[in-house]
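First the structure, in the form of structure tokens, and then the observations on it.
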Amino acid sequence: MLDSVDRKLHIAIEKVAKPYRKPNILAEYIALQLENRVPFRKTMKKAIELAEREDVEGIQIQIAGRLDGKEIARVEWDRG
């Protein structure tokens, strides 16, 4: 609990049981990998593998932009 200028702030942290079942967490993982210059195909395959380990029924990933630093933008997608 923080106390500053007559305001109290309560922060609740909860553990996510199966994080890769949540699309937002999986999207953050993919974005972090792309920022670290990991090849996008490898990133997509790893994200699908992580989701399938969590027993999801299906997953579809779409990445768009200047992939691999190419001059022209394109869209790549994969599903599992």
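The values are calculated or read from the model by the stated rules, or taken from the named source; none is laboratory data. Model, not experiment: these values are computed from the prediction. Quick reminder, even Gly has a Cβ in these numbers, built from the backbone with ideal geometry, and neighbours come from all protein chains shown. All accessible areas refer to the heavy atoms of the entire protein, side chains included, with ligands and DNA or RNA removed. Shrake-Rupley method; radii C 1.70, N 1.55, O 1.52, S 1.80 Å.
Count of the range 1-28 residues, restricted to those that are in contact with an Asp or Glu (Cβ under 9 Å, 6 or more places away or on another chain) and loosely packed, with under 11 Cβ neighbours inside 10 Å, is 1.
Applying the condition of being without any contact (Cβ under 8 Å) to a residue 24 or more places away in the chain and of a type in the set (Asp, Glu) to the range 56-80 and asking which residue is least open to solvent (accessible area, probe 1.4 Å) yields GLU71. From the residues in the range 29-48 that are in contact (Cβ under 8 Å) with a residue 24 or more places away in the chain and open to solvent by 80 Å² or more (accessible area, probe 1.4 Å), which one is nearest to GLY69 (Cα to Cα)? Among them, the one singled out is ARG41.
So that you can scan it fast, the table gives a plain yes or no per residue for (1) touching a helix residue (DSSP H, G or I) at 6+ places or on another chain (Cβ under 9 Å); (2) part of a helix (DSSP H, G or I):
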residue	(1), (2)
ASN24	no, yes
TYR29	yes, yes
ILE48	no, yes
ALA64	no, no
ASP68	yes, yes
